[in-house]
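Have a look at the structure below, then the notes.
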Amino acid sequence: MRDIDKIRLKMKENSEEIIENIPQIEIDLYNFIQNQFQKLNKNPIHKKFKKVFKVFYGQGINFIQNYFDTLFDSRLNKRIRKIDNIIDLKSIFEEILDSFYGDSGKNQYSYTSKLIHTINTNFPIYDSNVKEVFGFKSYYDCQLRRKEFFDNVYKKIYKTYSQIIEKNLIKEIVEKFSKERDVSKLNSIKKIDFLFWGMGKFIKKNKEMV
């Protein structure tokens, strides 16, 4: 795992390219999903919502048959919305992960985090771009690895983002991002999430970080 100071330095040095990797359309799609999710929560799931969700978060959702049923499960929504700390999230995260593994035969770490974030935006998203920034190792499709993921990966992402917010570690970059994009509807976690996503794309293109 890369040190937060090294990540911050690289982000500062390459802020222009990182923000270029986050077009406004991506932010607009995210806002659409969050807005529609709140509206649809008590109504039948609209086809357009599903389509946009898949475009934004990836077509791999097609391999998880119960994904949208889980996303709109009222009991699960209530449980996740009540959570305000990372420790209490663990059992629900692993419960969803196990369910998706049974449905798709794969460890759906990213799609589990995306589902949880859609319901409660105080929790971050894990994907291949965020993985690049942190330098996490791959977790294979087995039960042992699945049980290690939350503590070894997801909790570290959450704690890093919380530290960044608490100590204002990337204040200049967040301000620059806020000036160049309309991020008025994003909370602090999502602004950082987008910046790490953009940085991950930058690293993949340049392979500068070792």
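All of the numbers you see were taken from the coordinates with simple rules; none came from a lab. All values derive from a computational prediction rather than experimental measurement. Glycine gets a Cβ as well: all are built from the backbone with ideal geometry, and neighbour counts include every protein chain shown.
Kindly express, to the nearest 10 degrees and within the range 0 to 90, the angle between helix 155-167's C-alpha long axis and the longest C-alpha principal axis of the chain.
50
Between the stretch 112-128 and the stretch 143-210, how far is it from one alpha carbon centroid to the other, in angstrom?
Centre-to-centre distance over Cα atoms comes out at 12 Å.
Specify the angular offset, from 0 to 90 degrees and rounded to the nearest 10, of the alpha carbon long axis of helix 109-119 from the longest principal axis of the alpha carbons in the chain.
80
For a footprinting-style exposure proxy, rank L76, L115 by other Cβ within 10 Å, fewest first. Don't skip to the answer; put the middle values down first.
Working: L76 18, L115 25.
Listed from fewest to most nearby Cβ atoms, that is L76, L115.
Which value at 222 nm does the chain reach when only helices count, each DSSP H run of 4 or more adding -39,500 (n - 2.57), with the total divided by all residues and rounded to the nearest 500 deg cm²/dmol?
About -21000 deg cm²/dmol.
Which whole-number percent is the relative contact order of the stretch 43-114 (Cα, under 8 Å, 6+ apart)?
Across the stretch 43-114, relative contact order equals 30 percent.
When F196, F136, F63 are ordered from fewest to most other Cβ atoms inside 10 Å of their Cβ, what list results? Don't skip to the end; give the middle numbers.
On the way: F196 27, F136 18, F63 14.
With the sparsest Cβ surroundings first, the list reads F63, F136, F196.
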